[in-house]
1. Would you please name the residue that is nearest to A666 (Cα to Cα), looking only at residues in the stretch 46-77 that are part of a helix (DSSP H, G or I) and open to solvent by 60 Å² or more (accessible area, probe 1.4 Å)?
2. Considering only residues that are within 30 Å of K615 (Cα to Cα) and not hydroxyl-bearing (S, T, Y), which ones fall in the stretch 28-49?
3. Tell me, yes or no, whether the stretch 524-535 has at least one residue that is charged (D, E, K, R), within 23 Å of E614 (Cα to Cα) and modelled with pLDDT of 95 or more.
4. Write out, first by first residue and then by second, each pair whose Cβ atoms fall under 7 Å of each other, whose residues are 6+ apart or on separate chains, and whose first residue, in the stretch 308-334, is farther than 13 Å from F344 by Cα and part of a strand (DSSP E or B) while the second is at pLDDT 95 or above and open to solvent by 40 Å² or more (accessible area, probe 1.4 Å).
5. Does the stretch 499-506 contain at least one residue that is of a type in the set (G, A, S), surrounded by fewer than 23 Cβ atoms within 10 Å (Cβ to Cβ), modelled with pLDDT of 95 or more and in contact with a Ser or Thr (Cβ under 7 Å, 6 or more places away or on another chain)?
6. Sort out which residues of the stretch 385-412 are out of contact with any Gly (no Cβ under 9 Å at 6 or more places or on another chain) and assigned to a loop (DSSP other than H, G, I, E, B), and write them in order of number.
7. Given the criteria in contact with a Phe, Trp or Tyr (Cβ under 7 Å, 6 or more places away or on another chain) and closer than 25 Å to S125 by Cα, does I677 qualify?
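The values are calculated or read from the model by the stated rules, or taken from the named source; none is laboratory data. Computed from a predicted structure; not experimentally measured. Every residue, glycine as well, gets a Cβ built from its backbone with ideal geometry; the counts of neighbours run over all protein chains shown. Side chains are part of the model used for accessible areas, which takes the heavy atoms of the whole protein and leaves out ligands, DNA and RNA. Shrake-Rupley method; radii C 1.70, N 1.55, O 1.52, S 1.80 Å.
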Amino acid sequence: MPLRPSLLAAAAAVVCVSAPIHAHAGETALNYPKTERGPVVETFFGEKVADPYRWLEADVRVDKKVAAWVDEQSTFTDAYLKGLPERAAFEKKLTNLFDFERYGLPVKAGKYLFFRHNTGLQNQSVLYVRNADGSGERRALIDPNGWAKDGATALDDWLPSPDGSKVAYSVQDGGTDWRSVKVIDVATGQVLADTIQHVKFSRLTWAGNDAVIYSRFPEPKAGEAFQAVSSNQSVWYHKLGTGQGEDRQLYATPDNPRLYHLAQVTHDQRWMVVSTSTGSEKGNAVGIAAVGRGEWTVRPLITSLSDEWTLVEGVGDQLWFITSMDAPRKKIMRVDLSGKEPVFTTVVPESAAVLDLASIVGDRLMLNYLRDVKAELRVSGLDGQGVTTVALPGIGSIAAVVGEPGDRQGYFAFSGFTQPATIYAFDAAKPASASVWEAPKLAFDPADFETQQVFYPSKDGTKIPMFIIRRKDLKGPVPTILYGYGGFNVSILPGYSPARLAWLQAGGAYAVANLRGGGEYGEAWHLAGKGPTKQNVFDDFIAGGEWLKANGVTSKDGLAVEGGSNGGLLVGAVVNQRPDLIAAAHPAVGVMDMLRFDKFTAGREWVFDYGFPEKEADWRLLRSYSPYHNVKAGTPYPAVLVTTADTDDRVVPGHSFKYAAALQAAGLGPKPQLIRIETRAGHGSGKPVSKQIEESADVFAFLAHWTGLTPKD
C-alpha cells in the first residue's frame, strides 16, 4: 500500500523538465509535458520541506487542472508505449494466455451449488448455479459483463442464503472500494428491489434467509467520496423488502471512529461474531451476540487489540478461532459459550509452520499451513486430535478450503506459479482421496517451466526466501523481473498469473522475494520489516537483486523490479537508494508520499505499519525513505514506468502523480520516467480482462525494452 532526504531540496532548485533528455540507443528524445510547480513549503520539526506538486493531490474527477495534466501525461505515455517494438508480441502472448476456461471455488447452499466461471476472455467472470446433486444443467445467475460498456463494473463478493433461495452480492464500479449490495432470487433470476449503499471494507452475511448483515460508512459529503478519510464504520441489519433507511444499526463505536467492524453469522445461525480492528494493525477485538436466541446486543468476548482472532466457524455454543495469542505463528482455540463465562481451550497448538487458513468441513478441521512459503494441508478432528497431511501436487498455495460443519463434501483450490487454479473435491472423512473437480484447459505445458526456491543473505545476514521461475530450455543469464511486497503481515504466495507467464514464455525469468515485513514466517517476520525496521525490507530487496546478478540468473543490465501498493513504495525507495542496480522499474499504485499518506481514505490506518507522521522520530524515518522526497536529481536512473488509476481510492493517485512529476523534473539521465494512468480501474480489484491485457502488454514491453529481452516464441 503505500520515500530518503535529497529529492525536494534538489527538486526545489530544478525547473520542470521541458527540454529533451538524451536518447538511449535508437530512442527518440523525450520532451515531457510541463508540470507546474507550486509554492508549498512546510516546516516539520525544524526542517523545511517543499511540496511543489501538492496541487496534483486533488481529485481528477473534480479538478479540471489535474484532469488536464492527466490527459497530457496519458497522451505522451501512450504514444511512447505503443511505439515499443516489443509490444505487439506481448499483446499477442497475453491474449492467448488469458484465453483459458477457468472456475472459482463452488459453494453449496440448500439444493444448489454456486460457482464462478470464465470462458477465457470475458471481462468479468459469471456466477453460475446448478443442482448440488449434479442433475440438470448449469445456468448463468449473475453475468456482470453487460453492466458497463468498458467492462469495469464487477461482481465483487457474493454469498447464498442458508437455504440457497437467494444470493446477496456486491457490485464494484470502476475499481472503487465503495460497493453497492443487491439480492437476487435464485429460482427466478429476478433481482430484488433491495439496494444497500455506502458499503466499503465489508463482508456479507445472512441472518436467516430474509435479512442481510453488512458494514457501512456514513454517506460521504459531496465530492469527498474518493479521498476523504474513512471513519465511523458500523454494522447494520437489512430486512429484505424494506428500504435502507429502515435498516437497524447493530454495532458501532462512535467514541472511536477509527475502528472497523466486520460481522459474521455462524452457519447454524446461532451466533453473530463481530471483529473490530484498526484496519491494518495485527490485532482485533471480538464481540458476540446470541442471535439464535433473538439477542442482537453485541457483548465483548475479546477486548484487547493485541492479538489476531479470526473466526473459523461455530457449531452450537462452540466457536473455533485462529489466534496469534501467545502464538506468533498462530494456533486454533475453541471457545465454549454454553456456561456463564466463556471457556477458552487450545485445540491445535502453534507449530513450526505458520497457520494461514482454517475451516470446518463435516467434523474435521482443515488447516492450511505455510512451510517456507509453500502450502501444507493438514486435517484433524474438531478437538485437534488425529492430525493427518493431505498430499499436494507440488510448490503452490491454497486459496481457500470451503464446506460446512455436518456436510462432508468440501473443495479447495490449488495453484502454482505456472499452474492456474485447479479445484479439488474431497470427502472430509477421507481427505487424502481429493480428486479434481474442475481443471483449467491450457494452451501451454506447465512442465516446460521450472520453479526453484533459494535462500539468500540480506545485508544483516538474514536468509530471505526467493522463488525463481523460468523456462527449462533457457540457459545462462536472461532478463529478470524481481517482485516484492514486504509489509502489513501479507504473505506473497506461489500463484498463477497469465501476465507473468507471458514474460516467462518470452524468455525472461521472474523472481519473487519473500521480504521481511510480510507474514511468511509469522509475526516476528512482520515486525522485522515494519516501522523502525522498514529499511530491512529495502535491504532484503536490494540483496535479492544482487544475488540474481552474482549467481548468473540475470546480466549486469538485465534486472527489472516491480511491486504494487506497499510494493510500489518498495520499488520507489529502492530505485532511489540503488539506481545503479536496476535497468527498469515498475512501481504500481504505490504509496509515494510518506509524509501525507495518512490524509486520505484508508491511509490513516497504515500508521500502524509505517509510523505516525506527526511523531518526530517516525517522521524522520519516513522522510529518510519516502520515494517522492528522495529522488536524486542529476543521477542516472533506470527506466521507470509508474502505473496508477484515476479512480484508485485505496492509494489515491496523487501519490503517483506527484512522484512522476518529481522524476520528470529531476534530470535523471537518458532513460525515460513515465506514468501510465488507467481509467476506471481503481487499486486493481475488479479490473476487466481487456484492461489487464492492455496494461500488461505496455508494462512488459517497457521492461523488456530496457532489459534487452526480445520476446521469443
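1. E72
2. Within the stretch 28-49, R37, G38, P39, V40, V41, E42, F44, F45, G46, E47, K48, V49 qualify.
3. Checking the stretch 524-535: at least one residue is charged (D, E, K, R), within 23 Å of E614 (Cα to Cα) and modelled with pLDDT of 95 or more.
4. E313/H267; G314/D268; G314/R270; V315/D268
5. Initially, the stretch 499-506 is screened for residues of a type in the set (G, A, S), giving 499, 502, 506.
Going one step further and asking which of them are surrounded by fewer than 23 Cβ atoms within 10 Å (Cβ to Cβ), we end up with 499, 506.
Keeping just the survivors that are modelled with pLDDT of 95 or more gives 499, 506.
Filter once more, keeping what is in contact with a Ser or Thr (Cβ under 7 Å, 6 or more places away or on another chain): 499.
Taking every residue of the stretch 499-506 in turn, at least one turns out to be of a type in the set (G, A, S), surrounded by fewer than 23 Cβ atoms within 10 Å (Cβ to Cβ), modelled with pLDDT of 95 or more and in contact with a Ser or Thr (Cβ under 7 Å, 6 or more places away or on another chain).
6. Q385, G386, A391, L392
7. When the stated conditions are applied, I677 does not pass them.
Residue-by-condition table, conditions (1) touching an Asp or Glu at 6+ places or on another chain (Cβ under 8 Å); (2) part of a loop (DSSP other than H, G, I, E, B):
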site: Y214; (1), (2): no, no
site: P218; (1), (2): no, yes
site: Q227; (1), (2): yes, yes
site: V235; (1), (2): no, no
site: D255; (1), (2): no, yes
site: V273; (1), (2): no, no
site: E281; (1), (2): yes, yes
site: V286; (1), (2): no, no
site: P300; (1), (2): no, no
